[in-house]
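The values are calculated or read from the model by the stated rules, or taken from the named source; none is laboratory data. Just so you know, these numbers come straight off a predicted model, no measurement behind them. As a convention, Cβ positions derive from the backbone with ideal geometry for all residues, glycine included, and neighbour counts pool all protein chains shown.
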Amino acid sequence: MKRRPPFRTETMRLLSAAVRFFLLIFWLWLIYCSAVWARSWSYHYVPMSPKPSPEAGAATPTPPVSEQYSTAVFLKRAIISDLAVYVRDTNLGTYAPSADHSQYVVSRLLPFDQMNSPEALSILASLSGYYLGRRGEKLYDCLSLRKGKKIEPYLAQYLRNGNSECAQELGPSFVNPSAALDGNALCPSNRKQAERLARLISEIDSGESCSDNDLTTIRTASGAPAANKQ
């Protein structure tokens with residue numbers, strides 16, 4: 001006759017199984033919430049100008065940060081966080097692709113069309129170090145051509161010096177190709193970045209442009225709403 005385990009041993013085994021089940025549920029909940037948070041936090045964000053440091057004296061006032069700069073920083077962070085979550089969850093098999101993904105990226109790129117301050121142009125140029133998806137890339141090229149000579153010095157800077165921001169900020173796993181981006185890496189190689197920048201600069205120098213109709217076509221194809229005029 002098989003001997004039954006002591007009551008205390010059986011109780012500990014059941015408790016251990018319950019703890020493992022709870023930890024699994026908690027881990028899945030964290031993955032779900034991180035994806036939802038990354039998409040939702042930007043809808044409630046209101047850009048604020050930083051307050052001067054208490055240590056700053058009257059002789060050295062803190063220069064004001066332009067509204068375009070704070071908005072551009074926010075838009076860039078929203079784009080990158082959304083793409084990073086999208087790539088990570090697709091690689092883990094926990095994300096179901098949806099038609100609104102390219103719409104999200106395009107809708108946050110569109111406001112850059114109305115921003116021409118040096119700070120905003122610099123931030124837009126820095127996004128050349130990321131792969132923004134098929135429609136996002138098309139819109140980025142269009143915006144760069146519309147900026148023309150105004151953005152060319154910032155693009156040329158990254159062509160000369162490279163842009164390793166993506167891998168440094170997101171980590172080496174995003175250097176690998178991903179099915180989320182049609183086999184492209186969110187962080188392109190230096191060679192791909194250089195090829196893209198050289199092409200854009202060449203097109204700007206040759207006088208190529210992207211018309212309002214071209215911009216509208218890209219926006220409409222993604223389903224994104226029109227950007228508000230500033």
Look through the stretch 153-210, keep the residues that are among the acidic types (Asp, Glu) and either modelled with pLDDT under 95 or outside any helix (DSSP H, G or I) (or both), and return whichever of them is nearest to TYR86 (Cα to Cα).
ASP182
Quick one: SER144 ticks every box in (1) more than 14 Å from the chain's Cα centre (by Cα); (2) in a loop (DSSP other than H, G, I, E, B) bar one, so which box is it?
(2)
Would you mind telling me which numbered condition in (1) within 19 Å of ALA72 (Cβ to Cβ); (2) surrounded by fewer than 19 Cβ atoms within 10 Å (Cβ to Cβ) ALA194 fails?
(1)
Take SER178 and decide whether it is in contact (Cβ under 8 Å) with a residue 12 or more places away in the chain and either in contact with a strand residue (DSSP E or B) (Cβ under 7 Å, 6 or more places away or on another chain) or among the hydroxyl-bearing types (Ser, Thr, Tyr) (or both).
yes
Can you pull out the residues in the stretch 181-219 that are without any contact (Cβ under 8 Å) to a residue 12 or more places away in the chain and farther than 16 Å from ASP141 by Cα?
GLY183, ARG191
Quick one: is LEU110 crowded, with 18+ Cβ neighbours inside 10 Å and assigned to a helix (DSSP H, G or I)?
yes
Just checking, how many residues over the stretch 194-217 are within 27 Å of VAL175 (Cα to Cα) and either in contact with a Cys (Cβ under 9 Å, 6 or more places away or on another chain) or aromatic (Phe, Trp, Tyr) (or both)?
0
Hey, among the residues in the stretch 123-152 that are in contact with a Pro (Cβ under 8 Å, 6 or more places away or on another chain) and under 25 Å from SER70 (Cβ atoms), which one's surrounded by the fewest Cβ atoms within 10 Å (Cβ to Cβ)?
GLY129
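Is it the case, given these coordinates, that GLY129 is small (Gly, Ala, Ser) and more than 12 Å from the chain's Cα centre (by Cα)?
Numbers: small (Gly, Ala, Ser): yes; more than 12 Å from the chain's Cα centre (by Cα): no.
Criteria not met by GLY129.
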